[in-house]
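Every number here is computed from the coordinates shown, using simple stated rules; none is lab data. These numbers come from a predicted model, not from an experiment. Cβ atoms come from the backbone with ideal geometry, glycine included; neighbour counts cover every protein chain shown.
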Amino acid sequence: MIKAGIIGSTGYAGAELVRILLGHPQAEIVWYGSRSYIDQEYASVYGNMFRLVDSVCRDDDLNALADEADVIFTATPQGFCASVMSDELLNKVKVIDLSADFRLRDVDVYEKWYGITHKSPSYIKEAVYGLCELYRDQIAGARLVANPGCYTTCSILTLVPLVKNALVDPATIIIDAKSGTSGAGRGAKVPNLFCEVNESIKAYGVATHRHTPEIEQELSAAAGEQVLLNFTPHLVPMNRGILATCYAKLKDGVSEEDVRAAYESCYAGEPFIRLRGSDLPETRWVKGSNYVDIGFRIDQRTGRIIAVGAIDNLVKGAAGQAVQNMNLLFGLDEKTGLELVPMFP
């Protein structure tokens, strides 16, 4: 059995890790870390875990945890994982970080967009970006995995076949994305109160959202050239889900058949990517699952493609992807514990 410890287990992503790992046939949770609820029963924080989890919440001492676990998940705010990273830790245990601390390959870009000093930049080069569909082989041999962001996972996977196959002009990419409120975390914030969110939709982080450079980084790698794009996220009054609607100008002579072949070739055999064909994705059809649904339409009048992706932000956008990475790290079938049927209604 893989012994797993979770730091930040009482946040939404941490709680989703608990839910998924409890059903994993080859993993057990040995540490429910939570700075806010030390010595409290985990089931008192999340009542859905009543009689399923009898452990109490512990602190965030990674060095002590490393003596008990095979893998540590850090579902923590930006800066925490970087502040505790060391060779001593990585020589004992594998780390899957759900924050942005090791996602960006340029430390200056990280510090600019996140507004904090990176505490362990020497590990950025070693960290593997944990998007399994793109970096499966590198993940398998890693000590430190940078689990991608939710908006980024949906946006990158929706667009990679187009830029990788040079089907669109990368300078014309626009991403319009919507997320449920769980993406903002569990902390009490006035903008996320029910009365502030219900019956409304708003754009935020316009031209400044911190997932922008992460998307650009990975699309640039796929395209083989620098990609600059517009990314605008929106908050919608639902619990879970991300829908990314992506626009780009098709290059001359690119047909619908070319686009379809690019998606089918890029994602052939991918267990968690579902190409919807003539149906466009909806968040309700991926809720509670690790699936990414992708579809597209071509506007012949404007010569643009509209590609749409949908994920559950807490599963494929966070905890599910983290478990998928864990499976690869320990040589398991990456679907293990993740063949979750989407919940509806």
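Return the FRET efficiency for the residue pair PHE330, ASP279: r is the Cβ-Cβ distance, R0 is 45 Å, and the value is rounded to the nearest 0.05. Numbers along the way, then the final one.
Values: r = 36 Å, r/R0 = 0.79.
The calculated FRET efficiency here is 0.80.
Pop a pseudo-label 7 angstrom from the Cα along the beta-carbon direction at both ALA188 and VAL109 and give the gap in nm to one decimal.
Rounded to a tenth, the inter-label distance reads 3.8 nm.
Restricting attention to the stretch 255-345, which chymotrypsin sites (Phe, Trp or Tyr not before Pro) occupy a DSSP loop and are surrounded by at most 16 other Cβ atoms within 10 Å?
Listed in order of number, the matching sites are PHE330.
Residue by residue through the stretch 10-24, which ³J(HN,Hα) values in whole Hz follow from phi under the Karplus form 6.51 cos²θ - 1.76 cosθ + 1.60 (θ = phi - 60°), with glycine and proline marked x?
The phi angles translate into 9, x, 5, 5, x, 5, 5, 4, 4, 4, 6, 5, 5, x, 7 Hz.
Once the Cβ-Cβ distance between GLN40 and LYS251 is put in as r, and R0 is 51 Å, what FRET efficiency do you end up with, to the nearest 0.05?
0.35
Apply the Karplus parameterisation 6.51 cos²θ - 1.76 cosθ + 1.60, with θ equal to phi minus 60°, to every residue of the stretch 117-133 and state each ³J(HN,Hα) to the nearest whole Hz, in sequence, with x for glycine and proline.
7, 6, 7, 8, x, 5, 9, 4, 5, 6, 4, 9, 5, x, 9, 4, 5
Can you tell me how much longer the chain between VAL56 and THR208 gets when fully stretched, taken as 0.36 nm per residue apart minus their C-alpha distance, in nm with one decimal?
Extending this stretch completely gives an extra 50.8 nm.
Tell me whether the chain comes out rounded, prolate or oblate; compute the Cα gyration tensor, take square roots of the eigenvalues as a ≥ b ≥ c, and use a/c under 1.5 as the rounded threshold.
Here the chain falls in the prolate category.
How large is the Kirkwood hydrodynamic radius of the stretch 151-312, counting all unique pairs of alpha carbons, in Å? Before the final figure, lay out each step's value.
Numbers: mean 1/r = 0.0616 Å⁻¹.
Hydrodynamic radius (Kirkwood, Cα pairs) of the stretch 151-312 is 16.2 Å.
Each residue of the stretch 231-237 in turn: what ³J(HN,Hα) in whole Hz from Karplus with 6.51, -1.76, 1.60 and θ = phi - 60°, glycine and Pro shown as x?
10, 10, x, 9, 9, 10, x
If each of GLN138 and GLU88 carries a label point 7 Å out from its Cα toward its Cβ, how far apart are those two points in nm?
Simple spin-label model gives 2.9 nm for this pair.
Residue separation times 0.36 nm, minus the C-alpha to C-alpha distance between ASP299 and GLU126: what's the value?
Roughly 58.1 nm would be gained on extension.
For the stretch 2-126, list log₁₀ I(q)/I(0) at each q in 0.09, 0.12, 0.17, 0.19 Å⁻¹, using the Debye formula over Cα point scatterers of equal strength and ignoring solvent, two decimals each.
Those come out to -0.26, -0.45, -0.85, -1.01, one per q.
Relative contact order, percent, of the stretch 2-126 when contacts are C-alpha pairs under 8 Å separated by at least 6 residues? Mind dumping the intermediate values first?
Values: 210 pairs, mean separation 28.8, N = 125.
Contact order relative to length: 23 percent.
For the stretch 123-168 and the stretch 203-267, what is the separation of their C-alpha centers, rounded to whole Å?
Computed from Cα coordinates, the inter-centre distance equals 13 Å.
Could you work out the relative contact order of the stretch 151-312? I mean the mean sequence separation of Cα pairs under 8 Å and 6+ apart, divided by the number of residues, in percent.
Numbers: 317 pairs, mean separation 49.2, N = 162.
So the answer I get is 30 percent.
Looking at the square roots a ≥ b ≥ c of the eigenvalues of the Cα gyration tensor of the stretch 242-345, which shape do they give, rounded for a/c under 1.5, prolate if a/b is larger than b/c, or oblate?
In terms of gyration-tensor shape, prolate.
Counting other Cβ atoms within 10 Å, keep those with at most 13, restrict to DSSP loop, and tell me which GluC sites (Glu not before Pro) in the stretch 129-232 are left.
Within the stretch 129-232, the qualifying GluC sites (Glu not before Pro) (loop, at most 13 other Cβ atoms within 10 Å) are GLU199, GLU225.
Provide the gained length on full extension for the span GLU28 to LYS119, in nm with one decimal, where the gain is 0.36 nm per separating residue minus the Cα-Cα distance.
29.7 nm
Using a cut-off of 20 Å between alpha-carbon atoms, which aspartates and glutamates can reach LYS189, once sequence neighbours fewer than 8 places away in the same chain are excluded?
The reachable aspartates and glutamates, counting only those whose Cα sits under 20 Å from LYS189, are GLU199.
Over the chain, what relative contact order in percent results from Cα pairs under 8 Å that are six or more residues apart?
17 percent
With respect to the cross-link table entries LYS112/LYS178; LYS92/LYS112; LYS287/LYS316; LYS3/LYS94; LYS287/LYS335, which display a Cα-Cα separation exceeding 21 Å?
Pairs exceeding 21 Å: LYS112/LYS178; LYS92/LYS112.
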